[in-house]
Amino acid sequence: MINLIINDQKVSVQAGTTVLAAAKKLKINIPTLCNHDDLCVAGNCRVCIVEQKGARTLIASCATPATEGMEIHTNTLKVRNARKHIVELLLSEHRSDCTKCYKNQNCELQSLANEFAFGDHIFLDLVEDKKYSIDRSSPSFIKDDSKCIRCQRCVRTCSELQYISAIAVANKGAHQKISSFHDRPMSHVVCTNCGQCVNRCPTGALVEKTYIDQVWDAIYDPDKHVVVQTAPAVRVALGEDLGYDPGERVTGKMVNALKQLGFNSVLDTDFSADLTIMEEGTELLVRLKKALVDGDTKVSLPMFTSCSPGWIKFIEHKYPEFLPNLSTCKSPQQMFGALAKTYYAKKRNIDPSKIVSVSIMPCTAKKFEADRPEMRASGYKDVDYVLTTRELAVMIKQAGLDFRNLEEAIYDSIMGESTGAAVIFGATGGVMEAALRTAYEIVTGREVPFGNLNITPVRGMDGVKEASIKIEGCVEAWSFLEGAELKIAIAHGLVNANKIMKLVKEGNAPYHFIEIMACPGGCIGGGGQPIPTNMQIRKNRMKAIYSEDENMVLRKSHLNPEVVAIYKEFLDKPNSHKSHELLHTHYVERDNF
Amino acid sequence: MENTGLNKVDLIFEKIDNKEVLAKAFKMTKEEIIKEVLDSGLKGRGGAGFPTGMKWKFTSEEKSPEKYIVCNADEGEPGTFKDREILDRVSNKVHGGMAIAGKAIGAKKGVVYLRGEYRYMLPKLMIELTSFHKMIKEIGYDFNIEYRMGSGAYICGEESALFESIEGKRGEPRNKPPYPTVSGLFEKPTSINNVETLVTAMMIVKHGAKNFIQYGTKDSRGSKVFSVSGDTPTPGIFELELGMTVLQFVDEFGDGDTKAVQVGGASGFCVPRKKFAETIIGFEGVPTGGSMKLFNSSRSMYNVLHNYLDFFTEESCGQCTPCRVGCQQLLKGVEKVKKGEAKSTYLNELMKLADSMKIAAKCGLGQSVGNAFKSIVGNFKEEIIY
Amino acid sequence: MYQVGNLVKELSDKHGRVRESLMPILQEIVQKHNYLNDEAMVEVARELDISAAEVYGTASFYTFLDTQVKGKYVIRVCKTITCSMKGKSDIIHTIEDMLKIRVGETTTDKQFSLIETNCIGWCHKAPAILINELPYTELTPEKVSEIIKDYMQK
Ligand SMILES: Cc1cc2nc3c(=O)[nH]c(=O)nc-3n(C[C@H](O)[C@H](O)[C@H](O)COP(=O)(O)O)c2cc1C
Ligand code: SF4
Ligand code: SF4
Ligand code: SF4
Ligand code: SF4
Ligand code: FES
Ligand code: FES
């Protein structure tokens, strides 16, 4: 243990602890900007400087390990002056138009300005000399360099968590900036639209592209029938933007709120998540059969899940040779969209051209996905607008709803029915668990051999998880799987996805089925989720997901009555011709830069 | 204060038998080498002035199978050109100094980081390096030197930025601690020394510490190479004993009309005429990596300051706030004051900003921008204001 | 625009496919082609298995690793204090007049680029310039026009 003194209070910490963390232990708050719990230390904003007795300069508390006998003061005149200068300097490079900024009131720079730099600015305005650009090319987010404080959180996110480095630091000195490859538009580089950078940007320099106004317009258009679907991970995070603690489920209130906002039908992506399990599970079993029974050597195994559009774009850019290994299933969002303007339209007797299909997603990549040219199976744009969890919270605030006191409501029908299996799609390992619950039962006629259906080996925050399940006692049709060991792997966060892909590429991945989610923790940690994010927050959301599952009556996808019904009435059977037309897709190879 | 007067010395460029000196050095234990250098009081000649013996001692104490000795030949400080001259004339001694340092710290590998502006020297240096490698092999010593080139970035002279650059990255200075002696190039214990430091150390091994401490003052032992430029009839390279006053220096090199001397380059201090007599050139007064620029009364100190600030605004790596934005503010600030678009009292705010940069910037660059700024504005305010 | 051809592959073979080879590889491409074009940077990224944005980000840090088209002869005029005191502006004007370009530009025949640079370590012989790797010092307008004339004839 290391003993030090901060503001005259003694504290003991483990070797390697930073001064910042040691101060936190004493509940002494030191402001930070470039520091982020999920990322490596940068030490570049200098906001966290403190005074160390005997040191020539101030030290960056986030970047300096505590040492024995250290004496630290966090609030001396020297520190205060320098800190104020730093905030003022950042503001002088910054286009501070808070009142029209999307991050107004949720901005770390603004909070600091509020503490240290109110009143007249000390320094000259530098913005007028800069040729800042705003990149609106991505359908998912906007990159506004005039709001950037060069903390490099986004760069570290994209490289450390996502292994992409679609953006990097470019130039030096006064011209230093965050840039894609040779300043190309974000829509034309290797970016996966995952939005993890957006989640960690302390300012308005990276924000989702919002479609709130378009959705309001649709809602108020008497000619339109607006359906909305909500992804599983939204209900366990939305509350954070509305005053709840991380991990509080607000499903019923959210449904009610959506009704109050004026959506004509409030439906659940869970329904199509269950459908995904039917389609994807069947696809897996078919591939296994072809490989094991028919001896077809061209079958692409392992099979990868395909519900995470960030992951899809990653593999399209980085490992296009493995596109055949992707399940051809669309993501639940897009399955829903395709059905909304076909099945739903028909059942409800609504002209599909009058349907506006909106989805509420924890994800920014879904905005891109909805825009893909492949996603028009219904003959229309299957999903018209994708809003993030954050945008929904904004709409709720705009409408003046007293969210906390809303009654709980239930989803509309049809396509509003859900199971626990669908809910857990929101957490890493969830798709795998849901698939196993169903596939195992199809093959053996029995429930998965795990207590209370909880397949714990696939749960949790480990970056890469592996498991295997021995298949015994198969029913007649699947007897060729008797005794087989189904090997599976799960990765979340693209840096972990890359680890698995490396193995696959080297031929060292013995798996049959691999679940990959682009975001850390899965969709609960999605790029469209409330800000801030860190491991504890993600864990809380994950816990909420599993408790939502436990509270459901139905916990297996194949038991979802609406799923059963749609096969009977419309799709025939999983992987049918109709399914393929509406629910499956194909992928394209993309450049790796 | 001790004052030695201005005395020319011939140490760095002294003709010696390299092989003989190296043979002697390789027979010494590493403790003996380190002790000799410690006793000499030699401080780094690259600008920061850290005791070389200490640096070697710390690095030698690190337990690591792999260590590096890095020779800093990035020489980007405006007004400094002595390292180029040293490499041009006595590269064997530079390589020799590296081998000796390698022996002291337990490194078998040396890297010279040569600034891109000096690439024209590379072919010649390669030939000299080959014969050097041959020579130490003949002595029976195993040590290998490699050259890596810079590509036009002043900040890469900062030691940790230099490592980043060799590692193929942007030359952004690292957080310290850890210091290079613990985690330097490729995160291995590394002693990074200036070109001149290495040659001086070799000469100390040859002549002994006792000989070296005859020169200079208590805080600034020995002699060093000065790069003299500006308004002087005799610009060039001069090896002088440390401890003279600026006045003595100006008497020798001035053109009779010297109004200020910038000691230590853009990141150093501006000494005005009225302080020539009282200012010692050395660590007790104004330290310098060797750059001495003279300005006569025809020069506008505003132009000098503007030129330096422009330099820093471009050459800052840009990662940390105080330096990246601070430089731009100082530059724009003096421009506005000069044009009368900002009040002259705004200079007081800028002086405070310079103070903050000194203590809050991440590395030596941002920390030293205030040196020139404060000493020029402080001494020549009338030339800065409208 | 130049065609990269096998160059990046050869350089990667020579220096090794590791991050620390990035600078030597980029430097050699620039030595050969005067600047880095997008194709070259993408190739380097592929060979070293790093992102192209990072290659660009690294290159753009270093003033000698140009990512914009540059002529066969890159003239860098020192603009730091001593050269600036000793007539750098005259040198620039002379070159501008001869080549009919301004600082920052490249001649239409892609023979010359003219840029300013920071201290190149020849202050005692100011003003000084670099043409590609070679320094020219103690320049006067007459001297520099002779030098440029020679290059024009090359
Ligand atoms: C901005 C900056 C530029 C520097 N440039 C050089 C340089 O060009 N050459 C050099 O030897 N040291 C330079 N240094 C100092 C080095 O960081 C380091 O202290 C030195 O190389 C150590 O060698 P020494 O102890 O022998 O002086 C620079 C430091 C800073 C902060
Ligand atoms: S990024 Fe923050 S400080 Fe800047 S305009 Fe937006 S809310 Fe204001
Ligand atoms: S959206 Fe994802 S891939 Fe794109 S720049 Fe941000 S972190 Fe990188
Ligand atoms: S875009 Fe955001 S996260 Fe990235 S450097 Fe700028 S302010 Fe930081
Ligand atoms: S002080 Fe300047 S050069 Fe040093 S790290 Fe900060 S920005 Fe970079
Ligand atoms: S938070 Fe410590 S330097 Fe940015
Ligand atoms: S100032 Fe031009 S070479 Fe040094």
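The values are calculated or read from the model by the stated rules, or taken from the named source; none is laboratory data. Note that this is a predicted model, so its numbers are computed, not measured. Neighbour counts are summed over all protein chains in view; Cβ atoms, including those assigned to glycine, are modelled from backbone coordinates with ideal geometry. Accessible surface areas use protein heavy atoms only, side chains included; no ligands, DNA or RNA. Shrake-Rupley method; radii C 1.70, N 1.55, O 1.52, S 1.80 Å.
Enter the Cα centre distance for the pair the stretch C:6-36 and the stretch A:554-570, rounded to the nearest angstrom.
Taking the Cα centre of the stretch A:554-570 as reference, the centre of the stretch C:6-36 is 59 Å away.
Using only the Cα atoms, what convex hull volume per residue in Å³ does the stretch C:7-59 have?
62 Å³
Express as a percent, rounded to the nearest 5, the fraction of DSSP beta bridges in the stretch C:3-154 (both residues included) that run antiparallel.
So the antiparallel bridges in the stretch C:3-154 amount to around 55 percent.
Would you please give the residues with an amide H less than 5 Å from that of A:V207, counting only those at least 5 places away or on a separate chain, with H modeled from the backbone geometry?
A:I142, A:D144
Using all C-alpha to C-alpha distances in the stretch B:18-212, build P(r) with 5 Å bins and read off the rounded percent in each one.
Here the calculated profile for the stretch B:18-212 is 1, 8, 18, 22, 22, 17, 9, 2, 0.
What are the semi-axes of the equivalent ellipsoid of the protein assembly as shown, taken as the square roots of 5 times the eigenvalues of the Cα gyration tensor, listed largest first and rounded to whole Å?
Semi-axes (√(5λ), whole Å): 61, 32, 28.
Give a quick list of GluC sites (Glu not before Pro) in the stretch A:444-500 that DSSP marks as loop, anything other than H, G, I, E or B, with at most 16 other Cβ atoms within 10 Å.
Answer in residue order: A:E447, A:E472, A:E482.
Taking θ as phi - 60°, what are the ³J(HN,Hα) couplings along the stretch B:134-151 by the Karplus curve (6.51, -1.76, 1.60), each to the nearest whole Hz, with x for Gly and Pro?
Result, ordered by residue: 5, 4, 5, 4, 4, 5, x, 10, 9, 7, 10, 10, 10, 9, 10, 9, x, 9 Hz.
Give, rounded to the nearest 20 debye, the magnitude of the charge dipole that chain A has about its Cα centre when Lys and Arg contribute +1 at Cβ and Asp and Glu contribute -1 at Cβ.
1300 debye
Identify, among A:P309, A:I424, A:Q105, the residue whose Cα sits farthest towards the positive end of the charge dipole of chain A, taking +1 on the Cβ of Lys and Arg and -1 on the Cβ of Asp and Glu, with the dipole about the Cα centre.
Most positive-ward Cα: A:Q105.
Could you pull out every Cys in chain C that lacks a partner Cys with its beta carbon under 4.7 Å away?
So, C:C119, C:C123.
State, in square angstrom and to the nearest 100, the accessible area buried between chains B and A, both chains counted, probe radius 1.4 Å.
Approximately 2900 Å² gets buried when B meets A.
Can you pull a Stokes-Einstein diffusion coefficient for the stretch A:245-285 at 37 °C (0.692 mPa s), Rh from Kirkwood over Cα pairs, as a whole number of µm²/s? Walk me through the numbers before you get to the answer.
Values: Rh = 12.5 Å.
Approximately 263 µm²/s, per Stokes-Einstein.
Name the residues of the stretch C:1-22, by number, that are at least 40 Å² less accessible with every protein chain in place than in the isolated chain; the surface is that of heavy atoms, probe 1.4 Å, without ligands or nucleic acids.
By number: C:R19, C:E20.
Counting only protein heavy atoms, probe 1.4 Å: which residues of the stretch A:43-66 lose 40 Å² or more of accessible surface in the full assembly compared with their chain by itself?
Correct list: A:N44, A:R46, A:T57.
For the stretch B:93-150 and the stretch A:348-417, write down the distance between their C-alpha centroids in whole Å.
Between the Cα centres of the stretch B:93-150 and the stretch A:348-417 lies a distance of 66 Å.
Antiparallel versus total DSSP beta bridges in chain A: what percent is that, nearest 5?
That works out to approximately 50 percent antiparallel.
Fully extended, how many nm does the chain gain between A:T99 and A:N3 (0.36 nm per residue separation, minus their Cα-Cα distance)?
30.0 nm
Evaluate peptide B:148-158: per residue, the Cβ atoms of other protein chains within 10 Å of its Cβ; return the mean as an integer.
For this peptide, the per-residue mean of nearby foreign Cβ atoms is 5.
Which shape class, rounded, prolate or oblate, goes with the stretch B:301-384 when its Cα gyration tensor gives a ≥ b ≥ c as root eigenvalues, a/c under 1.5 marks rounded, and past that a/b bigger than b/c marks prolate? Numbers along the way, then the final one.
On the way: a/c = 1.74, a/b = 1.65, b/c = 1.05.
Verdict is prolate for the stretch B:301-384.
Out of A:T157, A:N44, A:G507, whose Cα points farthest toward the positive end of the dipole of the protein assembly as shown (charges: +1 Lys, Arg; -1 Asp, Glu; placed on Cβ)?
Farthest along the dipole direction, towards plus: A:N44.
Any idea how far the Cα center of the stretch B:309-386 sits from the one of the stretch B:1-27, in Å?
The distance from the Cα centre of the stretch B:309-386 to that of the stretch B:1-27 comes to 40 Å.
For the stretch C:94-137, run through the trypsin sites (Lys or Arg not before Pro) and keep only the ones in DSSP coil with at most 15 other Cβ atoms within 10 Å of their Cβ. Show your work: numbers first, answer last.
On the way: sites: C:K100, C:R102, C:K110, C:K125; in loops: C:K100, C:R102, C:K110.
Answer in residue order: C:K100, C:R102, C:K110.
Rg/Rh for the stretch A:122-207: what does it come to with C-alpha atoms and Rh from Kirkwood?
0.96
Kindly tabulate the residues in the stretch C:63-88 with an accessible-area decrease of at least 30 Å² between the chain alone and the assembly of all protein chains, using a probe of 1.4 Å.
C:T63, C:F64, C:K79, C:T80, C:I81, C:T82, C:M85, C:K86
Based on the Kirkwood radius over alpha-carbon pairs, what value in µm²/s does the Stokes-Einstein equation return for the translational diffusion coefficient of the stretch A:442-535 at 25 °C and 0.890 mPa s?
Diffusion coefficient, whole number: 162 µm²/s.
Summarise the partner chain shielding of B:261-271 as one whole number: the mean count of Cβ atoms from other chains within 10 Å of each residue's Cβ.
Numbers: counts 0, 1, 0, 0, 4, 4, 0, 0, 0, 0, 0.
That works out to 1 on average.
Could you compute how much accessible surface B:C363 exposes when probed at 1.4 Å, giving the result in Å² to the nearest 10?
20 Å²
Assign unit charges at the C-beta atoms only (+1 for Lys and Arg, -1 for Asp and Glu), then state the dipole size of the stretch B:250-344 relative to its Cα centre in Debye, rounded to the nearest 20. Don't skip to the end; give the middle numbers.
On the way: 12 positive and 11 negative charges, 105 e Å.
The calculation lands at about 500 debye.
Per residue, how large is the accessible surface of the protein assembly as shown? Use a 1.4 angstrom probe and give square angstrom.
Per-residue accessible area for the protein assembly as shown comes out at 36 Å².
Highest first, please rank the peptides C:74-81, A:340-347, A:525-532 by the mean number of other Cβ atoms sitting within 10 Å of their residues.
Ranking, from highest mean packing down: A:525-532, C:74-81, A:340-347.
To the nearest 100 Å², how much accessible surface do chains B and C cover up together, summed over both, with a 1.4 Å probe?
The buried area between B and C, both sides summed, comes to about 3200 Å².
Considering only Cα-Cα distances, which of the following residue pairs are longer than 27 Å: A:K24/A:K78; A:K177/C:K125; B:K109/C:K32; B:K362/C:K125; A:K84/B:K176?
Result: A:K177/C:K125; B:K109/C:K32; B:K362/C:K125 exceed 27 Å.
What ranking of A:V553, B:V377 comes out by heavy-atom accessible area, probe 1.4 Å, highest first?
A:V553, B:V377
For A:T428, enumerate residues with amide H under 5 Å from its amide H, sequence gap 5+ or separate chain, H modeled in the peptide plane.
Amide H neighbours of A:T428: A:G522, A:C523, A:I524.
How large are Rg and Dmax for the stretch C:1-125 when calculated on the C-alpha trace, in angstrom?
Calculated on Cα positions, Rg and Dmax stand at 16.5, 47 Å.
Provide the percentage of antiparallel DSSP beta bridges, counting only those with both residues in the protein assembly as shown; round to the nearest 5.
Of those bridges, close to 50 percent are antiparallel.
Over the heavy atoms of A:V198, what accessible area does a 1.4 Å probe trace out, to the nearest 10 Å²?
Surface open to solvent at A:V198 totals about 0 Å².
In what sequence, largest accessible area first, do A:Y546, C:Y62 appear using a 1.4 Å probe?
Descending order: A:Y546, C:Y62.
Which log10 I(q)/I(0) values, to two decimals, does the stretch A:2-76 give at q = 0.23 Å⁻¹ under the Debye formula with one point per Cα?
Rounded to two decimals, the profile gives -1.03.
Calculate the dipole size of the protein assembly as shown relative to its Cα centre from +1 charges on Lys and Arg beta carbons and -1 charges on Asp and Glu beta carbons; express the result in debye to the nearest 20. List each step's numbers first, then the result.
On the way: 143 positive and 142 negative charges, 333 e Å.
So the dipole magnitude of the protein assembly as shown works out to roughly 1600 debye.
In whole percent, how big is the carbon plus sulfur part of the accessible area of chain B, probe 1.4 Å, protein atoms only?
Of all accessible area on chain B, carbon and sulfur atoms account for 51 percent.
Can you give the translational diffusion coefficient of chain B in µm²/s, computed by Stokes-Einstein from the Kirkwood radius over Cα pairs at 10 °C and 1.306 mPa s?
It comes out at roughly 75 µm²/s.
Of A:A340, A:L554, A:T64, which is farthest on the positive side of the dipole of chain A, counting Cα position, with +1 on Lys and Arg Cβ, -1 on Asp and Glu Cβ, and the Cα centre as origin?
The one lying farthest along the dipole's positive direction is A:T64.
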